[in-house]
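Working notes, beginning with the structure itself.
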Amino acid sequence: MSAHHAPSSVEASSATGKVRGKVGVRVVGRPDSLEQRVYLPEVIRGLGVTAKHFFANLFSRKYTVTVQYPEEKVKYPDRNRGLHRLMLRDDGQVRCVACMLCPTVCPAHCITIVPEETGNQNEKRPRIFEIDELRCVVCGLCVEACPCDAIRMDSGVHAPAVDFRGDAIQTKIDMLKRGTQSVATQGGVGSDWRSKQPSVKQYDPPK
Ligand code: SF4
Ligand code: SF4
């Protein structure tokens, strides 16, 4: 068996047979030496790595990355997406205004909202707000879409194991129990937001 390390070249031709250029090709041969062909040194080296980790973990657990869950728990990163929670207004009511943006954006179609009137002609609120956590793909798009910081996934809580399909559905009450008061300003810049808008020049169509 011989190795061919010398670069050679082939000619690239167009469909008409006219030579248009040369492409370099480096031919790499199979391993020649006995050491490479029997693979034994590499096998021994691999076994050495395995033995090193085995004995290190046996006596010191130096390379062990697993934890004894649930007795031992690791801290979730701040951006971990846990069970959903619904945030509260200054007056303790649900912040959600049932705008339906989150069920619209949800790729798993697992959010169900039934709105109701609040008595304030400018706002609605959810009478029913449910999320099927078995269908949720934990993408976080509902949180991104919400215009008023009403829904979050920073609860740090796992979706629980359930025995029955229906138990996987988080209700409005479940999610409100995890909710806290939002730091967002209620109503954005305030009720007089129109007066704070920059004046917009009216469109003047060409005559
Ligand atoms: S995290 Fe994604 S899949 Fe889950 S409810 Fe929100 S939008 Fe739907
Ligand atoms: S949680 Fe936010 S996005 Fe979803 S309906 Fe309520 S206000 Fe709209």
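Residue count for region 73-117 satisfying the condition of being more than 23 Å from the chain's Cα centre (by Cα), loosely packed, with under 14 Cβ neighbours inside 10 Å and within 24 Å of Val183 (Cα to Cα): 4. Just so you know, in region 47-106 the residues that are among the hydrophobic types (A, V, I, L, M, F, W, C) and assigned to a strand (DSSP E or B) include one that is nearest to ligand 1 (Cβ to nearest atom), and it is Leu86. Within region 110-124, being out of contact with any strand residue (DSSP E or B) (no Cβ under 6 Å at 6 or more places or on another chain) and either charged (D, E, K, R) or under 17 Å from Gly166 (Cβ atoms) (or both) holds for Glu117, Glu123. Among residues of region 101-128 that are away from ligand 2 (no atom under 14 Å from the Cβ), those with a beta-carbon under 6 Å from a residue that is part of a loop (DSSP other than H, G, I, E, B) and not basic (Lys, Arg) at least six positions away or on a different chain give the pairs Ala108/Cys136; Ala108/Val137. Return yes or no: is Asp132 at negative phi, within 23 Å of the chain's Cα centre (by Cα) and at pLDDT 95 or above? Yes. When region 31-43 is filtered for residues that are loosely packed, with under 10 Cβ neighbours inside 10 Å and in a loop (DSSP other than H, G, I, E, B), only Ser33 remains.
The values are calculated or read from the model by the stated rules, or taken from the named source; none is laboratory data. Fair warning: this is a prediction, and the values are worked out from it, not measured in the lab. Neighbour counts run over all protein chains shown; Cβ positions are idealised from the backbone, glycine included.
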